[in-house]
Amino acid sequence: TQLLEQSPQFLSIQEGENLTVYCNSSSVFSSLQWYRQEPGEGPVLLVTVVTGGEVKKLKRLTFQFGDARKDSSLHITAAQPGDTGLYLCAALTNRDDKIIFGKGTRLHILP
Amino acid sequence: KAGVTQTPRYLIKTRGQQVTLSCSPISGHRSVSWYQQTPGQGLQFLFEYFSETQRNKGNFPGRFSGRQFSNSRSEMNVSTLELGDSALYLCASRQGPNEKLFFGSGTQLSVL
């Protein structure tokens with residue numbers, strides 16, 4: 001069974017600080033996605049990483065796909081209260097093309 | 001383009017009842033997936049339909065079933081509800097197997 005482990009589960013930091021959250025697996029994936037979910041809404045796709053070692057930037061968010069395509073990280077610079085939410089990593093399973101999700105990191109940015 | 005629409009938004013049922021949830025995908029999207037989200041287990045894959053055929057199925061009991069119509073709209077049914085079925089049920093659509101998912105806002109089901 002292919003699983004995605006996310007850490008930390010919860011993170012509460014002050015506005016302006018930097019943070020990194022992680023998504024790890026023992027399986028190799030062809031691509032990995034990051035979503036953000038706000039209360040009362042469905043997840044919204046932030047980015048898809050495809051190539052091992054790939055780094056993508058979205059304003060203050062930096063996403064990295066591990067060289068072996070088994071792990072990924074999301075780094076947020078100068079966090080703002082608007083970054084508060086549940087961050088989910090997801091991957092396309094190799095065998096049957098379904099998208100599976102990690103349990104997420106719940107991020108709270110204090111003003 | 002309208003997004004993914006799920007109805008109803010909230011639902012309260014009692015144990016033993018059955019429930020049907022509805023999902024209208026983005027126009028042109030032929031794939032609809034259903035997920036169950038709970039605080040303890042996160043987002044768990046239920047099933048995916050593509051062009052009215054079930055492509056994939058997760059590890060849920062047979063009480064959970066679904067179908068897709070010719071206009072790509074999908075319904076999910078849960079029979080003989082249990083307390084543990086209380087969850088946010090999310091529907092997502094995509095154009096094809098390797099495309100990204102677009103989620104609806106979900107149906108919050110409470111089983112009393």
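The values are calculated or read from the model by the stated rules, or taken from the named source; none is laboratory data. Note that the coordinates shown come from a computational prediction; the quantities given were computed from them, not determined experimentally. Positions of Cβ are backbone-derived with ideal geometry, glycine not excepted, and every protein chain shown enters the neighbour counts. Side chains included, ligands, DNA and RNA excluded: accessible areas come from the protein's heavy atoms. Shrake-Rupley method; radii C 1.70, N 1.55, O 1.52, S 1.80 Å.
Suppose the filter is in contact with a His (Cβ under 6 Å, 6 or more places away or on another chain), open to solvent by 50 Å² or more (accessible area, probe 1.4 Å) and within 14 Å of another protein chain (Cβ to nearest Cβ); does B:GLN54 pass it? Here the answer is no, as B:GLN54 does not meet what is asked. Restricting B:SER65, B:SER72 to those that are away from chain A (no Cβ under 13 Å), buried (at least 20 other Cβ atoms within 10 Å of the Cβ) and closer than 24 Å to A:ASP97 by Cα reduces the list to B:SER72. Of everything listed in (1) within 14 Å of chain A (Cβ to nearest Cβ); (2) at pLDDT 95 or above; (3) in contact with an Asp or Glu (Cβ under 7 Å, 6 or more places away or on another chain), the single unmet condition for B:CYS23 is (3).
If you check B:ASN59 against the conditions, is it at pLDDT below 95 and surrounded by fewer than 17 Cβ atoms within 10 Å (Cβ to Cβ)? Yes: the conditions hold for B:ASN59.
Please determine, by comparing only the residues of region A:3-24 that are closer than 16 Å to A:THR62 by Cα and polar (S, T, N, Q), which one is most open to solvent (accessible area, probe 1.4 Å). Among those residues, the one meeting the criterion is A:ASN18. Screening B:GLY40 with (1) over 20 Å from A:GLY104 (Cα atoms); (2) not in a strand (DSSP E or B) gives one miss only, at (1). Of the strands (runs of 3 or more DSSP E) contained entirely in region B:65-112, those carrying at least 1 residues that are farther than 29 Å from B:GLY16 by Cα fall at B:87-94.
Looking across A:VAL50, A:VAL55, one residue alone is within 12 Å of another protein chain (Cβ to nearest Cβ) and surrounded by fewer than 19 Cβ atoms within 10 Å (Cβ to Cβ). It is A:VAL50. Quick check on my filter: what residues within region A:7-24 are of a type in the set (Ser, Thr, Tyr) and away from chain B (no Cβ under 14 Å)? Selection gives A:SER12, A:THR20, A:TYR22. Of everything listed in (1) away from chain A (no Cβ under 14 Å); (2) open to solvent by less than 40 Å² (accessible area, probe 1.4 Å); (3) within 13 Å of the chain's Cα centre (by Cα), the single unmet condition for B:LEU81 is (3).
Scanning region B:30-42 for residues that are open to solvent by less than 10 Å² (accessible area, probe 1.4 Å) and over 14 Å from B:GLY84 (Cα atoms) turns up B:SER31, B:VAL32, B:SER33, B:TRP34, B:TYR35. Just checking, does region A:62-81 include any residue being open to solvent by less than 40 Å² (accessible area, probe 1.4 Å), within 11 Å of another protein chain (Cβ to nearest Cβ) and touching a residue at least 60 places away in the same chain (Cβ under 8 Å)? Checked against the condition, which is being open to solvent by less than 40 Å² (accessible area, probe 1.4 Å), within 11 Å of another protein chain (Cβ to nearest Cβ) and touching a residue at least 60 places away in the same chain (Cβ under 8 Å), region A:62-81 yields no hits at all.
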